[in-house]
Amino acid sequence: MKLDTSTTGILRSLLVSRSTAALATLHEGRPFASMVPFALAVAPGGLRLVTHVSRLAAHTRDMLAAPEVCLLITAPESAALPQALPRVSISAVAEFIPRDHADYATCESAYLAKHPQAADLFQLGDFSIVAFMPLSARLVAGFGRAHTLAPEALAAAALDGDSTE
């Protein structure tokens, strides 16, 4: 089943116009949430959400220990009911991308296009690019408008607005 144009637009807006996500990891066996800046990158394996993180951060150590994560991207708060706030929760696997990886330049370019103020951080040795490979997504496009999406549908909406449920 195809998502309607309005719903696809909401998902695309969340993925393209928002620049930060809540990142859920396991920290010493317990759930832990932090905030990470992100950008979209298209690599040979498909759509990736990429971030640039310091090895000093707890969430970085968490992803190294257990790469299964969840990202939550929300629309800005409004006067609407909180339950109606558009949002997408993306289950993913975090992959650290070394500088000699074939996708490094693509990920770096995508990240810096969205976050040019972070350019100096790429000179620091403790920072790494992490690519989140989506496994599934749960889109809430408004009150009572929830959809479970495969990675391909997420990519289609982000890249060209054509998404299937």
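The GNM of the chain, with springs linking C-alpha atoms under 10 angstrom apart, assigns the highest mean-square fluctuation among Leu135, Leu72, Leu121 to Leu121.
Across the chain, Cα-Cα pairs farther apart than 23 Å form 38% of the total.
Taking Cα centre as origin and charging only the Cβ of basic (Lys, Arg, +1) and acidic (Asp, Glu, -1) residues, the dipole magnitude of the chain rounds to 340 debye. The translational diffusion coefficient of region 1-57, from Stokes-Einstein at 10 °C and 1.306 mPa s with a Kirkwood hydrodynamic radius over alpha carbon pairs, comes to 116 µm²/s. Using 0.36 nm per residue and subtracting the Cα-Cα separation, the extra length available between Thr20 and Arg145 on full extension is 42.7 nm. When only alpha carbons are used to place a centre, region 37-52 and region 98-156 end up 3 Å from one another. Within the listed set Thr106, Thr148, Thr20, the residue fluctuating most in the Gaussian network model of the chain (springs between alpha-carbon atoms under 10 angstrom) is Thr106. For the pair Asp120 and Arg138, label points projected 7 Å from Cα toward Cβ lie 4.0 nm apart.
When the chain is treated as a GNM, springs tying every alpha-carbon pair under 10 Å, which of His101, His147, His59 comes out with the largest mean-square fluctuation? Of the options given, His101 has the highest mean-square fluctuation.
Since every read-out is calculated from the coordinates, none of them should be taken as a lab result. Quick caveat, the model's predicted, so the values are computed rather than measured. Because the Cβ atoms are built from the backbone with ideal geometry, glycine has one as well, and the counts that use them run over all protein chains shown.
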